[in-house]
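Novice: Below you'll find the structure I mean.
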Amino acid sequence: MSSITDPEKADDVAHLETPPTADDLEEVDLDQLGESQGYVLDAAVYRAEHAGGKALKTASDGHTILIPQPSDDPRDPLNWSQNHKNLLLFIISWAAFLPDYGSATGAVTLLPQSAIWNMSQDEVNHSQVGNVFMLGAGGVFVTILGAYFGRLPTIFWFLVMAFWTAAWCAGSKTFNEFMAARILNGFFSTVAQGGGLMFLKDIFFFHEHARKINIWSAFIILSPYFGPLIAAFIINTLSWQIPFWVYTAMTGLALLLVVLFADETYYNRHIPPSKQPPRTSRFLRLIGVEQMRTNLLGNTFGEACWRPIKVLTRPTVLMTVLYYLFTFAWVVGINTTLSIFVTPLYNFGPKQIGFFYFTPIVAAILGELVGHWLHDYMANLYMKRHGGHFEPEARLVVIWMSEPFMLAGLIGLGFCLERGYHFMVTSVCWGLYVFGIMIMTVGVNAYNLDSYPEGSGEVAAWINFGRTTGGFIVSYFQVTWAQSLGTEVSFGTQAAICAFVFCLLIVPLQFFGRRMRQWSGPLHFKTN
C-alpha cells in the first residue's frame, strides 16, 4: 500500500518500470484521472488495474507514483532539486506571511494613532477594513495575471508595488493618506496568499502537497499575530511609524529573494520537451518579457479572466469558500479588535498586549506540528480502507477533528471577556480556536487542490477571498456587537454560525462531494 506519511523520502525521481517516451507521458494525465476517478499512488495497485498500460515514473521509494508525471526536461520545475524547491517554498511562504502581518500591525498602532489624529480607536480601526478586503480581492487578480503573463512577473511586480505602498504607510502624515496607502498595500501584498497554491502545484508532486500546504498555511495563520506582537513592543518606546518601517523592510526582503532566487514555475507538460519555449534570460522572465514573447501560458486575456469565474461555478469550491468565510471571519475580527477588549479588562498596556499575542503563535505552531503528520495519516488510512484509491473528500475528515476546538475556543473566549476570567484562561480559549483554524485551513486548501488541480491558483484565490471577506465584514461591527449584547452572546453566536455552516456545507460535501464534482465536470482549462 502506498504511503505518503514521509514524502521527504520520496521526493526524487529515481525509478522507472519501463522508461516512457514523451509521447507516452502526453497520454498519461494522472491529475485528470485522479480528479475524475480517484487518485492511485501505489504502483502495484496501478499495475493491477491497468495491466498493459503505460509505465509510470515513481519516487525514490520505488512504489509511490509521481503525480503529475515529470518530463525528461531539466527545465521542468518538477525536476528541480529538492533544495531549490524548498527555497522557493520558503520565499512563497515568506511573501504570504507579509499581508496579514502588515494588516494586523495596525491593530496595535491604532492606540497612538487615535490620540495623534484625535479620533476614536474604532474609527482608526476602519483603516483595517479596506486593507483586509483588498487582501482578498487582490488574490483574484493575481491568478488572472498569473495565467496571462506568468507566475514570476506577477509576484515580482506585485511585490514591487507592495514595497512602495508599505513605505507609504510608514511615511503617512494624515489618516486619509494612511488609509489610502493601506488599501493599496492590501491589494498588492496578497500575491503569495491568493496565488500561493499555483506555485506549490507547479513544483511539488501530489504526495507532497499536504505537508507543503501545511508549511505555507502556517506562515499565513501565524502572520496576523506576529504583527501586533512586534508592533506592541516597538510602540512602547518608539513612534507608531517604526512598526511599518519594519514591515517595509520585510517586504523588501521578499522582493530581494524573488529577484535573486525565483524563476518561472509554469511548465506546459502537454507538449514534449523538444517543443518547449526556450528559456534564455532569467531577468526577462522576471519582468515578463520572455513569457509574452514566447506566448508561454497560451491564454488570451479574456480566457485568463474567465478562469476564476468558472472555478467558482463548481459547487464544491463555492461551498468550501462559504464555509471558510463564516469560520475564519472571527479570526480577523478577534485579532483586529482584541486590544480594545483586553486593554480595559486586564489593564493591559502595549507591552502586555504584545505578550498576549504569544498565545495564538504557540497554538498555530502546535497546529502546524500536528498537521505535519495528521493530514497524511488520514490520507493513508483512507487509502488502506479503499483498496489504494484516494478521493479528495478524504481531506475533509480533519475538519471534523478541528471543529470542536474552534467551537470550544469561541464559546470560552466569550465567557472570559464577559465575566473577567483570568487572562490565562482567556489565552487558552483563544489558543484552542487558532489551533482548530490551523488544522482546518490545510484541509480546505488540500481538498480544493485535489479536486481541481488545473485550477490551483483560482481555488486558492477564492479561499483567500472568503477568508478576508469575512474579516472585512466582521471588522465593521465586532466591537459594537460585543459592547451592545456582551461577548457571551456575540462570541456564542459566532460559534453557532461555525457549527451551522459545518453541518450545512461540510457534512454534505463529505458524503456527496464526489457526485457533485462528477456532475459539474472538470474545468478544461487551456493551461494548468
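Novice: Right, PHE219: in contact with a strand residue (DSSP E or B) (Cβ under 9 Å, 6 or more places away or on another chain), under 30 Å from VAL370 (Cα atoms) and touching a residue at least 24 places away in the same chain (Cβ under 8 Å) or not?
Specialist: no
Novice: Based on this model, can you work out whether SER456 counts as under 25 Å from GLY186 (Cβ atoms), hydroxyl-bearing (Ser, Thr, Tyr) and surrounded by 23 or more Cβ atoms within 10 Å (Cβ to Cβ)?
Specialist: Yes, satisfied.
Novice: Cβ-Cβ distance below 8 Å, separation of 6 or more or different chains: which pairs start in segment 293-306 with a residue that is farther than 14 Å from ASN528 by Cα and end on one that is of a type outside the set (Asp, Glu) and surrounded by fewer than 12 Cβ atoms within 10 Å (Cβ to Cβ)?
Specialist: Close Cβ pairs satisfying both conditions: THR294/PRO278.
Novice: If you go through segment 340-365 one residue at a time, how many are crowded, with 24+ Cβ neighbours inside 10 Å and at pLDDT below 80?
Specialist: Count: 1.
Novice: Being in contact with a Cys (Cβ under 7 Å, 6 or more places away or on another chain) and more than 27 Å from GLN291 (Cα to Cα) is true for just one of PHE178, PHE133. Which residue is that?
Specialist: After ruling out the rest, the residue left standing is PHE178.
Novice: Condition (residue is of a type in the set (S, T, N, Q), over 18 Å from ALA231 (Cα atoms) and surrounded by fewer than 22 Cβ atoms within 10 Å (Cβ to Cβ)) applied to segment 147-163: is it met by at least one residue?
Specialist: no
Novice: Looking for something at pLDDT 85 or above, of a type outside the set (Lys, Arg) and not in a helix (DSSP H, G or I) - is there at least one such residue anywhere in segment 89-109?
Specialist: no
Novice: On to the next question. Scanning segment 290-333 for residues that are hydrophobic (A, V, I, L, M, F, W, C) and outside any helix (DSSP H, G or I), which turns out nearest to SER217 (Cα to Cα)?
Specialist: Top of the filtered list is LEU297.
Novice: Of all residues in segment 37-75, count the ones that are exposed (fewer than 15 other Cβ atoms within 10 Å of the Cβ), within 30 Å of the chain's Cα centre (by Cα) and small (Gly, Ala, Ser).
Specialist: 1
Novice: Identify the residue in segment 39-74 that is of a type in the set (Lys, Arg) and either in the same structural domain as PRO453 (by TED's automatic domain parsing) or not in a loop (DSSP other than H, G, I, E, B) (or both) and, among all such residues, is farthest from PRO278 (Cα to Cα).
Specialist: Checked segment 39-74; the qualifying residue farthest from PRO278 (Cα to Cα) is ARG47.
Novice: Take the conditions farther than 30 Å from GLY298 by Cβ, part of a helix (DSSP H, G or I), in contact (Cβ under 8 Å) with a residue 24 or more places away in the chain and not hydrophobic (A, V, I, L, M, F, W, C) and apply them to SER427. Does it pass?
Specialist: When the stated conditions are applied, SER427 passes them.
Novice: Another question about this same structure. When segment 180-221 is examined, which residues are found to be aromatic (Phe, Trp, Tyr) and under 18 Å from ASP31 (Cβ atoms)?
Specialist: Within segment 180-221, PHE199, PHE204, PHE205, PHE206 meet the criteria.
Novice: Follow-up question, since we're still on this one. When TRP481 is evaluated against the numbered criteria (1) within 23 Å of the chain's Cα centre (by Cα); (2) within 25 Å of ILE340 (Cβ to Cβ), which criterion, by number, is the only one it fails?
Specialist: It is condition (1) that TRP481 fails.
Novice: Which residue out of LYS275, LYS212 is under 30 Å from GLU391 (Cβ atoms) and either in the same structural domain as VAL124 (by TED's automatic domain parsing) or without any contact (Cβ under 8 Å) to a residue 24 or more places away in the chain (or both)?
Specialist: Criteria check complete, one pass: LYS212.
Novice: Taking helices (runs of 4 or more DSSP H) that fall entirely within segment 449-528, which contain at least 2 residues that are under 19 Å from SER36 (Cβ atoms)?
Specialist: 456-485, 507-520
Novice: Among the listed residues GLU418, GLU391, identify the single one that is in the same structural domain as PHE491 (by TED's automatic domain parsing), under 21 Å from ILE497 (Cα atoms) and not β-branched (Val, Ile, Thr).
Specialist: Result: GLU418 is the single residue among GLU418, GLU391 that is in the same structural domain as PHE491 (by TED's automatic domain parsing), under 21 Å from ILE497 (Cα atoms) and not β-branched (Val, Ile, Thr).
Novice: Please go through segment 366-385 and pick out each residue that is surrounded by fewer than 16 Cβ atoms within 10 Å (Cβ to Cβ), without any contact (Cβ under 8 Å) to a residue 24 or more places away in the chain and within 17 Å of ASP42 (Cβ to Cβ).
Specialist: Matches in segment 366-385: LEU381, ARG385.
Novice: If ALA394 passes every condition in (1) within 20 Å of ASN448 (Cβ to Cβ); (2) in contact (Cβ under 8 Å) with a residue 40 or more places away in the chain but one, which one does it miss?
Specialist: Every condition holds for ALA394 apart from (2).
Novice: For segment 116-194, give me every one of the helices (runs of 4 or more DSSP H) that falls completely inside it and has 1 or more residues that are hydroxyl-bearing (Ser, Thr, Tyr), more than 25 Å from ALA482 (Cβ to Cβ) and at pLDDT 90 or above.
Specialist: Counting at least 1 such residues, we get 121-148, 151-171, 175-189.
Novice: What's the total number of residues in segment 325-346 that are in contact with a Phe, Trp or Tyr (Cβ under 9 Å, 6 or more places away or on another chain) and within 24 Å of ILE506 (Cβ to Cβ)?
Specialist: Here the count works out to 10.
Novice: Also, quick follow-up: Sort through GLY486, GLY513, GLY471 and tell me the only one that's surrounded by 22 or more Cβ atoms within 10 Å (Cβ to Cβ) and either modelled with pLDDT under 85 or charged (D, E, K, R) (or both).
Specialist: GLY471
The values are calculated or read from the model by the stated rules, or taken from the named source; none is laboratory data. Since the structure is predicted, the reported quantities are computational estimates derived from the model, not experimental observations. Don't worry about glycine lacking a Cβ; one is built from the backbone with ideal geometry, like all the others, and counts go over all protein chains shown.
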